[in-house]
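These notes concern the structure reproduced below.
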Ligand code: TXA
Ligand code: MG
């Protein structure tokens, strides 16, 4: 057990530089410590990406297989010169369009600067420049690239609140920076830029159509490739799963029959507009106001999965699948994994 320090920065979101304990956080990173930090996607578990021992510590704290490489977080594109072989003009255009923000680029690695285990022995490196004001100030002040996977135990849903991180990692890491709930709610889009056309290795908040707007024909058209044939090594592992067995439902046009079936051990995760179809005995968690608000569903998904596991006496749960939405690729990807590919077809 390690003593986990809590740094509550909620009052300093836009002026972290004035936070009285900022130097303590920076020193912890510089000494090879593990500190969870807020980002606009999910909370990350950060450590100095040039320090082998520190990065090993991340894998240990998460219980993560070490062949699953980490994302390196930067403040300024100048830092790329230290550890990226070259950035093509096309990649640069995407960086200009979306950085700082929720997209990670896989780039050719320039060896020698980052420690070995960050990249898991690959000759490429995943890099992201987060936009969260707390993360930006930290990255600027620490002046080191910070390796940061999502701050959850391996296999569990990613953390979008301080409480989620605390629940999984208290006693295993040196500190947690307490901020507000992550805005986007799903992890960054991972775009493989090491061959052309670029491939989406993990769908995320920056959607395929947003990428295509900047780079027509520049993104591989194949859909769901990441699910069948993982490009990002992490995609092959069990992910995002709540402890309660979960199934996806895509249609609900009439009230579920409460005379034939006992719904008291059932939970529904769904848009508020579908609440009237749910029997009173069941428990409910709201994911969005309407059936078309994908942004809100993204924002709330992981919190809903965490909440599900806190409910008492629930044996199974159903989640609304937001079918037929072009921009729901990331949401579908995470949901299908959380539900282990189980869909309701006909019988409940
Ligand atoms: O939003 C996010 O990306 C969050 C926040 C904290 O920035 N981080 C995050 O990291 O989700 P993580 O470690 O949970 O996911 C990183 C993904 C994994 O699927 C990993 O396999 C993939 O990126 N990845 C990392 N380096 C790679 C590389 N060189 N080639 C292919 N995939 C890579
Ligand atoms: Mg993760």
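The values are calculated or read from the model by the stated rules, or taken from the named source; none is laboratory data. None of the values given here were measured: they were computed from a predicted structure. Cβ: placed from backbone, ideal geometry, glycine included. Neighbour counts: every protein chain shown.
Data overview
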{"quantity": "Meets criteria (crowded, with 24+ Cβ neighbours inside 10 Å, modelled with pLDDT under 95 and assigned by TED's automatic domain parsing to the domain that holds residue 193) for residue 157", "calculated": "yes"}
{"quantity": "Hits in the stretch 303-327 (condition: surrounded by 20 or more Cβ atoms within 10 Å (Cβ to Cβ) and in a helix (DSSP H, G or I))", "calculated": "303, 304, 305, 306, 308"}
{"quantity": "Residue within the stretch 146-153 that is within 19 Å of residue 34 (Cβ to Cβ), touching a strand residue (DSSP E or B) at 6+ places or on another chain (Cβ under 8 Å) and assigned to a helix (DSSP H, G or I) present", "calculated": "no"}
{"quantity": "Candidates 80, 122, filtered to the one that is in contact (Cβ under 8 Å) with a residue 24 or more places away in the chain and either outside the structural domain of residue 183 (by TED's automatic domain parsing) or surrounded by fewer than 21 Cβ atoms within 10 Å (Cβ to Cβ) (or both)", "calculated": "122"}
{"quantity": "Residue check for residue 146: over 30 Å from residue 18 (Cβ atoms) and within 16 Å of ligand 2 (Cβ to nearest atom)", "calculated": "no"}
{"quantity": "Cβ-Cβ under 6 Å pairs, at least 6 apart or on other chains, the stretch 132-145 side under 16 Å from residue 41 (Cα atoms), far side assigned to a helix (DSSP H, G or I) and modelled with pLDDT of 95 or more", "calculated": "134/16"}
{"quantity": "Yes/no for residue 197 being outside the structural domain of residue 328 (by TED's automatic domain parsing) and more than 12 Å from the chain's Cα centre (by Cα)", "calculated": "yes"}
{"quantity": "Candidates 111, 69, 65, filtered to the one that is surrounded by 16 or more Cβ atoms within 10 Å (Cβ to Cβ) and either over 15 Å from the mean Cα position of the chain (by Cα) or assigned by TED's automatic domain parsing to the domain that holds residue 131 (or both)", "calculated": "69"}
{"quantity": "Residues of the stretch 1-23 satisfying the condition of being closer than 23 Å to residue 56 by Cβ and over 24 Å from the mean Cα position of the chain (by Cα)", "calculated": "1, 2, 3"}
{"quantity": "Scan of the stretch 106-118 for residues that are within 10 Å of ligand 1 (Cβ to nearest atom) and touching a helix residue (DSSP H, G or I) at 6+ places or on another chain (Cβ under 9 Å), ordered by number", "calculated": "107, 109, 118"}
{"quantity": "Among (1) without any contact (Cβ under 8 Å) to a residue 40 or more places away in the chain; (2) assigned to a loop (DSSP other than H, G, I, E, B), the one test that residue 340 misses", "calculated": "(1)"}
{"quantity": "Count - residues of the stretch 1-25 that are under 13 Å from residue 176 (Cα atoms) and in a helix (DSSP H, G or I)", "calculated": "4"}
{"quantity": "Total residues in the stretch 152-185, condition within 23 Å of residue 76 (Cα to Cα) and within 10 Å of ligand 1 (Cβ to nearest atom)", "calculated": "2"}
